[in-house]
Amino acid sequence: MTKKADFGLSSLSMIDYRSDTVTQPTPMMREAMMQAKIGDDVFGEDPSINELESLCASLFGMESALFCPSGTMSNQIAIKCHTQPGDEVICDVLSHIYLYEGGGIAANAGSSVRLLQGDRGRITAPMVKDAINPDDIHKPRTSLVSLENTANRGGGSCYNFNDIQSIREVCNNNGLGLHLDGARLFNALVEKKETTQQYGAIFDSISICLSKGLGAPVGSVLIGKTNFIKKAKRVRKLFGGGMRQAGFLAAAGIYALKHHVERLAEDHMHARLIEASLIKKDFVGTILPVETNILIFEVKGRYTAPMLSAILKEKGILAIAISPTQIRFVLHLDVSASQVQQTIDLIESL
Ligand SMILES: *Cc1c(COP(=O)(O)O)cnc(C)c1O
């Protein structure tokens, strides 16, 4: 069997904590991709994509699913399907859909956004209730609430399921749709011992990423009711996201869902080990509570975040300074236990 080093990648000598999107498909995943049965998915004839979509729908106990090229597209399709131009979307101020999707809510859906100051990316039912506009012709029509679990900019924080249930009630009482940006939902599920079925029963639509911690090279899946996904398929075409023989990618996704979910717990443990070594250092300020595979810490004293990031890089460790005072480490399946130990040894020497 081919080893990772044989793929000839220059960054492999580095330990890469920049994102969980940097993973390389494992040899077994590559094998699954090579064996994939493929067809033209715009004609609905790619067996691997059809299999991935039914697998996701049944996993979540939802009716239907749609394979998308990216999490951004899958979120944007969902937002466009849930809203009319001039409507308003409620979300946390740190949401990926607001911060990191190029202004897509305005550009693609023509919708306005109501930003809430949540706790590390998580909002609550009373906050949502207060943000709903009255039925008044002056006001944008509130039509959608979008949650993110885990919350990326919140340092991988997880919702309590009870809080989501309370938000669902507010949505029901006010006729609002509820979307989940679940780019890292599986990290939350593994950590909180929750199930896909629970989430499928409570959200109108869910977007999951195959290309984050799950380790597939490309792809996201949007999951929802039959009619919603039918509409979503039209919007995916409009956005240029109808792919042809993309079953090679779907096969990687199927492999990831079957083999890479439980192992996420390892990434969480690794994040906590690194956190424990950082706590002791005088140049480390506040560390956002580590709940899953993301570790965000404040740099103070003799280093700025960009300085520390440069020092780490010289020693073979890549980590992004996400602000002048904060560094982010993201754990994933291409960081081994021995690389985590190497990282800890280095931190202790600084
Ligand atoms: C990465 C990410 C996405 C989607 O990202 P793509 O790079 O477009 O696949 C969406 N939401 C969150 C929270 C993310 O971290």
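The values are calculated or read from the model by the stated rules, or taken from the named source; none is laboratory data. Keep in mind that this is a model prediction, so the values were computed, not measured. Positions of Cβ are backbone-derived with ideal geometry, glycine not excepted, and every protein chain shown enters the neighbour counts. Accessible surface is based on the protein model in full, side chains and every heavy atom, while ligands, DNA and RNA are left aside. Shrake-Rupley method; radii C 1.70, N 1.55, O 1.52, S 1.80 Å.
Brief remarks follow.
- Tally, over segment 296-350, of residues that are of a type in the set (Phe, Trp, Tyr) and without any contact (Cβ under 8 Å) to a residue 40 or more places away in the chain: 2
- Just one of the listed residues (Val221, Val170, Val235) is under 25 Å from Met28 (Cα atoms), assigned by TED's automatic domain parsing to the domain that holds Leu59 and not acidic (Asp, Glu), and it is Val221.
- Counted residues, segment 214-228 - those being open to solvent by 10 Å² or more (accessible area, probe 1.4 Å) and closer than 29 Å to Ser143 by Cβ: 4
- Among (1) part of a loop (DSSP other than H, G, I, E, B); (2) open to solvent by 10 Å² or more (accessible area, probe 1.4 Å), the one test that Gly241 misses: (2)
- Of all the numbered requirements in (1) part of a helix (DSSP H, G or I); (2) open to solvent by less than 20 Å² (accessible area, probe 1.4 Å); (3) over 30 Å from Ser349 (Cα atoms); (4) not hydrophobic (A, V, I, L, M, F, W, C), Lys258 misses one, and that requirement is (2).
- Leu333, sole failed condition from (1) in contact with a His (Cβ under 8 Å, 6 or more places away or on another chain); (2) at pLDDT below 95: (2)
- Among the residues of segment 43-71, those that are in contact with a helix residue (DSSP H, G or I) (Cβ under 7 Å, 6 or more places away or on another chain) and either surrounded by 21 or more Cβ atoms within 10 Å (Cβ to Cβ) or not assigned by TED's automatic domain parsing to the domain that holds Arg234 (or both) comprise Asp46, Ser48, Ile49, Leu52, Phe60, Met62, Ala65, Leu66, Phe67, Cys68.
- All helices (runs of 4 or more DSSP H) inside segment 130-213 with 3 or more residues being out of contact with any Phe, Trp or Tyr (no Cβ under 7 Å at 6 or more places or on another chain) and open to solvent by less than 20 Å² (accessible area, probe 1.4 Å): 161-174, 185-192
- Subset tally (residues that are among the acidic types (Asp, Glu), more than 16 Å from the ligand (Cβ to nearest atom) and modelled with pLDDT of 95 or more) for segment 1-52: 6
- Of the residues in segment 269-280, at least one is outside any helix (DSSP H, G or I) and more than 25 Å from the chain's Cα centre (by Cα).
- For Ala251, the requirement of being surrounded by 20 or more Cβ atoms within 10 Å (Cβ to Cβ) and over 22 Å from Val335 (Cβ atoms) is met.
- Test: residue in segment 111-124 that is closer than 21 Å to Ile208 by Cβ, among the hydroxyl-bearing types (Ser, Thr, Tyr), open to solvent by less than 50 Å² (accessible area, probe 1.4 Å) and touching a residue at least 12 places away in the same chain (Cβ under 8 Å): no
- For segment 267-288, the tally of residues that are more than 11 Å from Ile347 (Cα to Cα) and open to solvent by less than 20 Å² (accessible area, probe 1.4 Å) stands at 4.
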